[in-house]
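A.B. asks: Below are the structure tokens for one structure; questions will follow.
The values are calculated or read from the model by the stated rules, or taken from the named source; none is laboratory data. For clarity, every value in this text was computed on a predicted model and none was experimentally measured. Positions of Cβ are backbone-derived with ideal geometry, glycine not excepted, and every protein chain shown enters the neighbour counts. Please note that ligands, DNA and RNA were not included when accessible areas were found on the heavy atoms of the full protein model with its side chains. Shrake-Rupley method; radii C 1.70, N 1.55, O 1.52, S 1.80 Å.
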Amino acid sequence: MPFFCPRPTERRSSLPEHACTAVAGFAVYSRVFNAFSPTRTLMQDKYQPAAVETAAQQHWDSTDAFRVTEDASKPKYYCLSMFPYPSGKLHMGHVRNYTIGDVLARFHRMKGFNVLQPMGWDAFGMPAENAAIQNNVPPAKWTYANIEYMKAQLKRLGFAIDWSRELATCTPEYYRWEQWLFTRLFEKGLIYKRLGTVNWDPVDETVLANEQVIDGRGWRSGALVEKREIPMYYMKITAYADELLSALDDLPNWPEQVKLMQKNWIGRSEGVEISFPYDLSSIGHEGALKVFTTRADTLMGATYVAVAAEHPLATQAATSNPALAEFIEECKRGGVAEADIATMEKKGMPTGLKVRHPLSDEPLEVWVANYVLMGYGEGAVMAVPAHDERDFAFATKYELPIRMVVGSDAYTDTVAPWQDAYAEYGHLVNSGKYDGLDFQGAVDAIAADLAAKGLGAKRVQYRLRDWGISRQRYWGCPIPMIHCADCGDVPVPDEQLPVVLPENVEVTGRGSPLAKMPEFYECACPKCGKPAKRETDTMDTFVESSWYFLRYACADSTSAMVDERVNYWAPVDQYIGGIEHAILHLLYSRFFTRAMRDCGLVNVSEPFSALLTQGMVVAETYYRELDGGKKQWINPADVVVERDERGRIVAAKLESDGLPVVIGGTEKMSKSKNNGVDPQSLVDQYGADTARLFIIFAAPPDQQLEWSDSGVEGASRFLRRVWNYGHAFASETRAALPSERKLAANTLPAAAADVRREIHTHLKQASYDFGKHQFNTVVSAAMKILNALEKAHKDLAGSEPAAHAEVADEGFSILLRLLSPITPHICHALWKDCGFGADILVAQWPEVSEDALKQDEIELMVQVNGKLRGSIKVAADAAKADIEALALASEAAQKFMEGRPAKKVVVVPGRLVNIVA
RNA sequence: GCCGGGAUGGCGGAAUCGGUAGACGCAGCGGAUUCAAAAUCCGCCGCCGCAAGGUGUAAGGGUUCGAGUCCCUUUCCCGGCACCA
């Protein structure tokens, strides 16, 4: 679930051929360090990522390095990246997600945590069925083949994963527990059945997903899609609405933005439920139309009510009104997606029926409106055009009465156009006995009067709706229910679980495959034994992804959904995944964890203690306009760009024919825009470490990442420099190490102390940045450290060999440890080759030395009237008065004060002095 | 439409609490090395200006000694909207 469907990109690599070929190593090496070893030409000198990475991975495999068990002696760190949908091959978004997760996992291991990083497959879903329709491959076969291939790709990237816990949600071993839990939740009343609205394709006779409805038509058949009501199972997530909302406050390590989105999604509102009694003379029978409003204060301004097309009153009125019947049909056309409904033109038609105002008894017309939905609340709303923007537009269009009942400076008369002030709270007018009351006073008084008449009460309402989980599809977890003519809906008993999904089926895209398989649905009622029919719907694939993170704790258990081990590992300490899952997947998982808690399965309520939402991977797009306005998207690898003298891109042309193409802007990598880069070719040519380094360096994790071939080159170049430095260090520098290490600020020569200070300054920044998950600047710090080490090598190695060796020894070991979570393979090799230890996996994260950071003299900026004019050097502990005097006397200050006296001097310690003149 | 984000050189990005804007890298330009190229190394590099200096963080306004950072208004781009995952 977390990852969108298969967009395998068939693309030639955009990367130059020479990347990993054996060219430059020796020459490079001897040139950089020729002062030391002009004649070195050993094979190991050349950085060969494939060999380095294979060796490191074999070492990790043979030592089971990432397999973990519960260990009470260490703090645990459960690091989880959203599991992939096995769509065919990894895309760059996966590589980014798992690299970020791996960096965190390896970092925490260095910090002394017992780290669990598992991996699995979100293996049910529509793409497998689509592939089956297209290529005539059974979904199971397609899925398992994809898993095998993608697993090999993940292994090649060197992620520190405990593969012993691997799971695939499409296996009976996994989904049997989902079915088992379903029957428990059904018995607890947390799952129930009712009608739900779906997109219906009348030609293919099948239910369509929202993404399969394009401009109101089925994507395959092209038929106009209709709304249709069908029976579905629902999970009662609304029973947990209050808890899901209030518990957001207990998640300090979730992004505020995500918590806000969830809060708005749950949408708690306090209001009044109001009954409008039926007008007997027009409707013909007793009853009441129920509405919910947060603006009960405006009740006296209600001038009509509106109901959904599926509402019983609409159906009743349509029987004798062909025009209305036609309008209702029109309302049923189109899809169910909220975005479409919200943007369509608001239309309505009167029914001729009336209801009575609950307080004034005035008759109010009942309208059918296309923006009122049967699925929300009672399928009816009261309309107060004077104080609601949508009602105002509707009333203006159909010339319905508008009655102002809230006084406002902006709103002394009801006139178009709409102003936002019309909806503001104020004191009531034109409301009889309620005149003069403010919002809260009016709501209280009106609710009390309604309650006295039995026509209303205060109520809390949530925007959140119950979760419809029935899908009329094949490739999903079968819903474990049996329908008996006598006993009704009966859950499948435990001993008959799992209800196994048959794997050899024909998928055609018309109807539901399981509903065409008597051998699947014919069964006996578990209660009475008579012939009965098995449910042929499967579950929403969001169900599998709502508990997989708990199953990893005990993936091998055949006797329980989860066992005691789950209470060691849960909750997930760090969850990493795309921002696109900010609401649905995360909210469902929070709900599911609570439902499992209430079934006595886990102790925790929240599944994910900390959340990191990564940005998308985007790339440049290019296209040509074809006849008829259609765009032909061209892969960036096949395009050559022209630049002006500053390097700005001015034009682009297709390499093969030399003719111009249109530059289409930067968009999310996708098959449809043909702008994907295949991670495999990247790894093949540059190695996993370069791929990981580029991805981490190019942008902070939560921002979008723009693809850049030359950026990849830069990452590769940096690793070659690290490699070359490491081998010069191992063979030359190390020999100069003194037997007694000093490494103190007061014993090192000043130049060496400066280098050491610089290294520790960068280390401090890197450690800080790691804490805030800003890994791109951790890489910057590593680059700065290497720059400093190389410069020290050049400037110091000859004159101060012992001091240089000491500083380099410490500095390079810091560099390798900083980089090892990001580029673990090269660091593994160099750590060993440079004699820092047998295995960098057991190394600790480096500590900043405060002694190394000490400074006697510092530089302060001098500003005059807020503008930078110069700088002064002062003692690190200089008094404020001395700093002021020095600044005022400085050449820069004198020049720009132009003889004016200083009105004020602001000293910011350690930073600057600002003179106001 | 509603909810949530974002915008800084030619490009990706940095600036930790309101205190040196542009770290680090890419691209570009100049030089060294090379028969030559690749690779590598050294230097320059926001914009205007010969310079002094001016100006500059999507646009406009405000607060402050001082604003990329805080407040208000606007524009554009992206994510989600309940059956894509």
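A.B. asks: Since A:LEU195 meets every condition but one in (1) open to solvent by 10 Å² or more (accessible area, probe 1.4 Å); (2) touching a Lys or Arg at 6+ places or on another chain (Cβ under 8 Å); (3) within 13 Å of RNA strand B (Cβ to nearest atom), which condition does it not meet?
C.D. replies: Unmet condition: (2).
A.B. asks: Further question on the same structure: A:ARG624 - would you say it is surrounded by fewer than 19 Cβ atoms within 10 Å (Cβ to Cβ), of a type in the set (D, E, K, R) and within 30 Å of A:ILE649 (Cβ to Cβ)?
C.D. replies: For A:ARG624, the condition - surrounded by fewer than 19 Cβ atoms within 10 Å (Cβ to Cβ), of a type in the set (D, E, K, R) and within 30 Å of A:ILE649 (Cβ to Cβ) - is met.
A.B. asks: Another question, if that's okay. Are any residues in the range A:515-535 crowded, with 18+ Cβ neighbours inside 10 Å and part of a loop (DSSP other than H, G, I, E, B), and if so, which ones?
C.D. replies: Hits for the range A:515-535 are A:CYS525, A:GLU535.
A.B. asks: Within the range A:242-341, considering only helices (runs of 4 or more DSSP H) that don't extend past its boundaries, which have at least 3 residues that are open to solvent by less than 40 Å² (accessible area, probe 1.4 Å) and of a type in the set (Ser, Thr, Tyr)?
C.D. replies: Those helices (runs of 4 or more DSSP H) do not exist here; none qualify.
A.B. asks: Somewhere in the range A:360-368, is a residue under 26 Å from A:TRP200 (Cβ atoms) and part of a strand (DSSP E or B)?
C.D. replies: Yes, the range A:360-368 contains a residue that is under 26 Å from A:TRP200 (Cβ atoms) and part of a strand (DSSP E or B).
A.B. asks: Further question: Do the conditions hold for A:ALA792, that is, is it within 13 Å of RNA strand B (Cβ to nearest atom), under 24 Å from A:SER739 (Cα atoms) and small (Gly, Ala, Ser)?
C.D. replies: yes
A.B. asks: To continue, here is another question. Tell me which of these A:ARG465 doesn't satisfy, since it passes every other one: (1) open to solvent by less than 30 Å² (accessible area, probe 1.4 Å); (2) closer than 22 Å to A:GLY189 by Cβ.
C.D. replies: Only one criterion is unmet by A:ARG465, namely (1).
A.B. asks: I need the helices (runs of 4 or more DSSP H) fully contained in the range A:88-178, keeping only those with at least 3 residues that are among the polar types (S, T, N, Q) and more than 22 Å from A:VAL617 (Cα to Cα).
C.D. replies: So the answer is A:126-135.
A.B. asks: Would you confirm whether or not the range A:629-639 contains a residue that is farther than 27 Å from A:ILE191 by Cβ, hydrophobic (A, V, I, L, M, F, W, C) and open to solvent by 30 Å² or more (accessible area, probe 1.4 Å)?
C.D. replies: The answer is yes, given that some residue of the range A:629-639 is farther than 27 Å from A:ILE191 by Cβ, hydrophobic (A, V, I, L, M, F, W, C) and open to solvent by 30 Å² or more (accessible area, probe 1.4 Å).
Condition check ((1) modelled with pLDDT of 95 or more; (2) closer than 22 Å to A:ASN97 by Cα; (3) more than 29 Å from the chain's Cα centre (by Cα); (4) more than 16 Å from RNA strand B (Cβ to nearest atom)) across all residues:
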residue: A:TYR568; (1), (2), (3), (4): yes, no, no, yes
residue: A:TYR575; (1), (2), (3), (4): yes, yes, no, no
residue: A:HIS585; (1), (2), (3), (4): yes, yes, no, no
residue: A:LEU601; (1), (2), (3), (4): yes, no, no, yes
residue: A:LEU612; (1), (2), (3), (4): yes, yes, no, no
residue: A:LEU626; (1), (2), (3), (4): no, no, yes, yes
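A.B. asks: Test A:SER546 against the criterion of being open to solvent by less than 10 Å² (accessible area, probe 1.4 Å), under 21 Å from A:LEU190 (Cα atoms), out of contact with any strand residue (DSSP E or B) (no Cβ under 9 Å at 6 or more places or on another chain) and of a type in the set (Ser, Thr, Tyr), and give yes or no.
C.D. replies: Taking the combined requirement at face value, the residue satisfies it.
A.B. asks: Conditions first: (1) of a type in the set (Ser, Thr, Tyr); (2) under 24 Å from the mean Cα position of the chain (by Cα); (3) more than 12 Å from A:ILE634 (Cα to Cα). A:TYR686 passes all but one, so which condition is the exception?
C.D. replies: (2)
A.B. asks: Can I ask one more? Please tell me if A:GLU211 is at pLDDT below 95 and surrounded by 14 or more Cβ atoms within 10 Å (Cβ to Cβ).
C.D. replies: Criteria not met by A:GLU211.
A.B. asks: From (1) away from RNA strand B (no atom under 12 Å from the Cβ); (2) under 27 Å from A:ASP769 (Cβ atoms); (3) modelled with pLDDT of 90 or more, pick out the condition that doesn't hold for A:ALA876.
C.D. replies: It is condition (3) that A:ALA876 fails.
A.B. asks: When you go through A:PHE608, A:PHE591 one by one, which is the residue that is aromatic (Phe, Trp, Tyr), away from RNA strand B (no atom under 14 Å from the Cβ) and surrounded by 18 or more Cβ atoms within 10 Å (Cβ to Cβ)?
C.D. replies: On inspection, the qualifying residue turns out to be A:PHE608.
A.B. asks: Taking the conditions exactly as written (touching a residue at least 12 places away in the same chain (Cβ under 8 Å), over 30 Å from A:ALA688 (Cβ atoms), of a type in the set (Asp, Glu) and within 14 Å of RNA strand B (Cβ to nearest atom)), does A:ASP709 satisfy them or not?
C.D. replies: No: the conditions fail for A:ASP709.
A.B. asks: Going by the conditions given, is A:PHE113 open to solvent by less than 30 Å² (accessible area, probe 1.4 Å) and over 30 Å from A:SER708 (Cβ atoms)?
C.D. replies: For A:PHE113, the condition - open to solvent by less than 30 Å² (accessible area, probe 1.4 Å) and over 30 Å from A:SER708 (Cβ atoms) - is not met.
A.B. asks: Please name all residue pairs, on different chains or six or more residues apart, with Cβ atoms under 9 Å, provided the first residue is in the range A:163-180 and is touching a residue at least 60 places away in the same chain (Cβ under 8 Å) and over 18 Å from A:SER589 (Cα atoms) and the second residue is open to solvent by less than 10 Å² (accessible area, probe 1.4 Å) and polar (S, T, N, Q).
C.D. replies: A:CYS170/A:THR143
A.B. asks: I need every pair where a residue in the range A:556-577 that is part of a strand (DSSP E or B) has its Cβ under 6 Å from the Cβ of a residue that is aromatic (Phe, Trp, Tyr), sequence separation at least 6 or different chains.
C.D. replies: Pairs that qualify, where the first residue is part of a strand (DSSP E or B) and the partner is aromatic (Phe, Trp, Tyr), are A:VAL572/A:TYR78; A:VAL572/A:PHE549; A:VAL572/A:PHE608; A:TYR575/A:PHE608.
A.B. asks: Would you mind listing the strands (runs of 3 or more DSSP E) fully within the range A:408-514 where at least 2 residues are within 40 Å of the chain's Cα centre (by Cα) and charged (D, E, K, R)?
C.D. replies: A:456-462
A.B. asks: Could you give every pair whose Cβ atoms fall below 8 Å, whose first residue belongs to the range A:201-215 and is away from RNA strand B (no atom under 11 Å from the Cβ) and aromatic (Phe, Trp, Tyr), and whose second residue is assigned to a helix (DSSP H, G or I) and open to solvent by 80 Å² or more (accessible area, probe 1.4 Å), counting only separations of at least 6 or pairs across chains?
C.D. replies: none
A.B. asks: Being within 11 Å of RNA strand B (Cβ to nearest atom) and not in a strand (DSSP E or B) is the filter here, so list the residues in the range A:220-240 that pass it.
C.D. replies: Within the range A:220-240, A:VAL225, A:ILE237, A:THR238 qualify.
A.B. asks: Okay, moving on. Please enumerate the residues belonging to the range A:468-492 that are away from RNA strand B (no atom under 15 Å from the Cβ), open to solvent by 20 Å² or more (accessible area, probe 1.4 Å) and touching a residue at least 40 places away in the same chain (Cβ under 8 Å).
C.D. replies: Scanning the range A:468-492 gives A:HIS483, A:ALA485, A:ASP486, A:CYS487, A:ASP489, A:PRO491.
A.B. asks: Name the residue that is most open to solvent (accessible area, probe 1.4 Å), counting only residues in the range A:879-917 that are charged (D, E, K, R) and more than 9 Å from RNA strand B (Cβ to nearest atom).
C.D. replies: A:GLU891
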